[in-house]
Amino acid sequence: MQSINSMELVSANNFSLEQLTHAYNQTRIDYVVPMPMNVSRLREYARIYDIDMGCSWIAKNGDVLYGLGMLGVRPNRAWITRLGVLPNGRRKGTGRCIMEALINTAVQQNLNSVWLEVIKGNAPAHKLFSKLGFVETRDLIVARRPPQTNSDIGFGENILQVTTLDHEDALILLSHRKSRPNWLNETESFHNVNNLSGLLIELKNGGRGWVTYHAGLLQLTRIMVEVISGDPVEVTTALLNVLHDRHKRQDAITENLLDDAIWTGFQKAGYFESFRRIEMINEL
């Protein structure tokens, strides 16, 4: 436990998931992008992203909760997430206190860096993170594609071969990506996901690439694309057209794409931008 004036910082493992979920949802009542949680989603979130509740902090005054912040911990690095301040904890320095505690915890764990993302347009949070030593690394795009059950995608004449991949195949491909993934999309995160699937395609003109994803009953998530050869826009579009031809009834969401040619391929396949995050790092 840490104490700052009348504010105490208490490890999150002193609270139930129900308490943490309720507190988190209160912090997001008027947030830029609300993203509400329930208990099962928070439990899954903590498991997939290696959230260490013993390294996460709750700010409180007596029995009144002011705010919370969680820390994901992996070898040599940490990730700050789910930072939020309840209405009754605002304008008291709560966010800064929690951030400093999370950073200090990462230092005590002998980690080399701390990562986070802030929604683009959230100027107060961005200003706070900058003051605490975080610098911008890149923009990340969160995008969606609604179901298009009645559409005729019309892509078959360009496809030479489609190979279906199982969970282990998908993990192998993800572990050999050329670009550095964001924390949400690191291979460690995907190792914690059940039932990944994938498709490997070859186009008649020699273009090749793969897409991995998780197929739920109503939604496709964790969609990752890598182009091996050929035009990245063309190959990405073809990959996603094959994917959505096989899953016409599912909504789709992909998180933390780079603004590059692959994103153009996503757009050509019917995706639209929901919002952007700014990735930031603090080298300890």
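Values quoted throughout were computed directly from the atomic coordinates according to the rules given, and no laboratory measurement underlies them. Please read these numbers as outputs of a predicted model, since none were measured by experiment. Every residue, glycine as well, gets a Cβ built from its backbone with ideal geometry; the counts of neighbours run over all protein chains shown.
A Cβ-based charge dipole, computed about the Cα centre of the range 2-111 with Lys and Arg at +1 and Asp and Glu at -1, lands at about 240 debye. Over all Cα atoms in the chain, the spread is summed up by Rg and Dmax: 20.5, 69 Å.
Ordering 268, 131 by the number of other Cβ atoms within 10 Å of each residue's own Cβ, fewest first, gives 131, 268.
Residues 263, 57, 79, ranked from the fewest to the most other C-beta atoms within 10 Å, line up as 263, 79, 57. The residues packed around residue 88, meaning those with a beta-carbon under 15 Å from its beta-carbon, carry a net charge of +2 if Lys and Arg are +1 and Asp and Glu are -1. In plain terms, the residue of 189, 274 with the fewest other Cβ atoms within 10 Å comes first and the most crowded comes last, giving 274, 189. For helix 39-48, report the angle its Cα long axis makes with the longest principal axis of the Cα atoms of the chain; keep it between 0 and 90° and round to the nearest 10°. That works out to roughly 70 degrees. Across the range 57-68, rounded Karplus estimates of 3J(HN,Hα) from the backbone phi angles (6.51 cos²θ - 1.76 cosθ + 1.60, θ = phi - 60°) give 10, 10, 9, 8, 10, x, 9, 9, 7, 9, x, 8 Hz, Gly and Pro being marked x.
Between the alpha-carbon centres of the range 84-124 and the range 9-83 there is a gap of 11 Å.
Here the range 1-151 is treated as a Stokes sphere of Kirkwood radius computed over C-alpha pairs; at 20 °C and 1.002 mPa s its diffusion coefficient rounds to 132 µm²/s. Mean separation of Cα pairs under 8 Å and 6 or more residues apart, divided by the residue count, gives the chain a relative contact order of 20 percent.
Label sites at residue 88 and residue 110, each approximated as a point 7 angstrom past Cα along Cα to Cβ, lie 4.2 nm apart. Maximal additional length on extending the residue 158-residue 251 stretch stands at 31.0 nm, based on 0.36 nm per residue less the C-alpha distance.
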